[in-house]
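All remarks here apply to the structure that follows.
Just so it is clear, none of the values below were taken in a lab; they were calculated from the coordinates. Being a predicted model, the structure only gives us computed values, none of them experimental. Quick reminder, even Gly has a Cβ in these numbers, built from the backbone with ideal geometry, and neighbours come from all protein chains shown.
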Amino acid sequence: MTNIPHVVILGGGFGGLSAANELRNSLSTSEVKITVIDKKDWFMVGFAKLWIVNGTRTFENSTGSLNELPKKEIDFIKDEIISFDLENKKVNTKSQKISFDFLIISMGAILAPQKIPGLEENGFNLYDHNQLLEIRHKLENIESGKIAICIMGMPYKCPPAPFEASLLIDSMLRKRGIRDSIQIHFYSPAPITLPAAGPNVSKQILELINSEKIIFHNSSKIKSVESNKLIFENNEADFDLLLSIPPHIAPKIIYDSGLAKEPGFISIDRDCKTSFENVFAVGDVTSLTVAENMAVPKAGIFAEGEGITVAKNIISKIQSKEDYTLFDGKGGCFIESGRDTASIIEVDMFSNNKPTTNLTESTSDNLSKKIEFERERLSKWL
């Protein structure tokens, strides 16, 4: 009997789970062995974090278990990846050495609050699931003052999320009847709200947050944080509660292996290949540059598309077919208004060789679609 090809997937997020499921839905256990490795055993759609902050969700009700994967004939190993030897096709975890024929690196981006002096002592990390309940507690108890939401590095995951957070926080404070005693200030290092979405959509998002009296400060590059004070390159600002989106970097193993240089990400093209044979990278751990120095945003929907692209190309290779797929760069991100509606930022990264974006109307139907998006993925992948 010939050896069954082994596809090893590092990371059980959008990219890893979409690839694993695409492979298994197309090939039987006699055609391919699939192993997902992740140091945590749960998957969560990132936007559920904001629902935990505003109290409409709990962490437990927002996750799916990666331990369900074996039911789909996909092996799951909960372990930490220590190193990989890409030449000799081996992955080393804390407890074992695993050989692969194909490797998909979908390890995501790491939050690096330690890169901003004083941040960990004086502010909260809006993207850290361990801090969500404490953030909610602060928002439920604040009576007056200034809330600062600050993006502290580019690129970061899910570009619309911080703006959505500001709108949902505005909504929480309105429901408590204290919105008039609290200012919400939003700081970004970028010149416009959403550079990845271009000037038109950025202007619409600016109008959306301004309509709720949320004040946007552009080109605010953070240097450090002190007690109740943000120190920017050009000025400073005070706050009573700081919610930060810290800088993002790739996992250390990516730098150790030479796949990327700190603080960058793995450079890929639309085929998601790395410089090593049969080694692919997808999702937030990568940087896929499009025309005009723009890169594909770090968002789950794009990781999912890249994961499916890689899976299809691995399937073709296993079946000795000539078919070849390129990532289409299409996707959409939801942005909730805080008024029981949502808009969708529709993105096509490669239309006419330049990205096009569109912001839909904010409707309750789009909010239903957002809830369905999460439910569908948890049920079809796990």
In straight Cα distance, which lysines are under 20 Å from residue 369, not counting same-chain residues fewer than 8 positions off?
49, 330, 380
How about the range 47-143: which chymotrypsin sites (Phe, Trp or Tyr not before Pro) there are in a DSSP loop, with at most 16 other Cβ atoms within 10 Å of their Cβ?
59
Would you please name the GluC sites (Glu not before Pro) within the range 108-147 that are DSSP coil residues with at most 11 other C-beta atoms within 10 Å of their C-beta?
143
Which value results when the Cα radius of gyration for the range 219-260 is divided by 2.2 N^0.38 Å?
1.64
Please give, to one decimal in nm, the separation of the simple spin-label points placed at residue 271 and residue 233, each 7 Å out from Cα toward the Cβ.
3.8
Taking 0.36 nm per intervening residue step and subtracting the Cα-Cα distance, what contour gain separates residue 219 from residue 181 on full extension?
11.0 nm
Return the Rg/Rh value of the range 40-144, two decimal places, where both radii are evaluated on C-alpha atoms and Rh is the Kirkwood radius.
1.08
If the viscosity is 1.567 mPa s and the temperature 4 °C, what Stokes-Einstein diffusion coefficient in µm²/s follows for the chain when Rh is the Kirkwood radius over Cα pairs?
60
Taking the simple approach of a point 7 Å from Cα along Cα-to-Cβ for both residue 144 and residue 368, what is their distance in nm?
4.4
Loop sites in the range 288-351: chymotrypsin sites (Phe, Trp or Tyr not before Pro), DSSP, at most 13 other Cβ within 10 Å
324
If you average 1/r over all unlike Cα pairs in the range 251-382 and invert the result, what Kirkwood radius do you get in angstrom?
16.5
Could you give me the ³J(HN,Hα) list for the range 246-263, computed from phi with Karplus coefficients 6.51, -1.76, 1.60 and θ = phi - 60°, whole Hz, x at Gly and Pro?
x, x, 10, 9, 7, x, 3, 4, 5, 6, 4, 8, x, 6, 8, 9, 4, x
Using θ = phi - 60° and Karplus 6.51 cos²θ - 1.76 cosθ + 1.60, couplings along the range 119-135 (whole Hz; Gly, Pro as x):
5, 5, 7, 10, x, 9, 9, 5, 9, 9, 4, 6, 9, 5, 5, 5, 4
Pairs over 21 Å Cα to Cα, from 72/252; 157/312; 39/312; 94/157; 90/252; 221/354, come to 72/252; 157/312; 39/312; 94/157; 221/354
How big is D, in µm² s⁻¹, for the range 113-247 by Stokes-Einstein at 37 °C and 0.692 mPa s if Rh is the Kirkwood radius over C-alpha pairs?
220
Where does the chain land at 222 nm, in deg cm²/dmol rounded to the nearest 500, when only DSSP H runs of n ≥ 4 count, each adding -39500 (n - 2.57), divided by all residues?
-8500 deg cm²/dmol
State the volume of the convex hull built on the alpha-carbon positions of the range 170-303, expressed per residue in Å³ and rounded to an integer.
158
Using the Karplus curve 6.51 cos²θ - 1.76 cosθ + 1.60 with θ = phi - 60°, what ³J(HN,Hα) values do you get for each residue of the range 190-201, in whole Hz, with x for Gly and Pro?
7, x, 10, 4, 9, x, 5, 9, x, x, 5, 5
Between the range 331-382 and the range 254-268, how far is it from one alpha carbon centroid to the other, in angstrom?
30
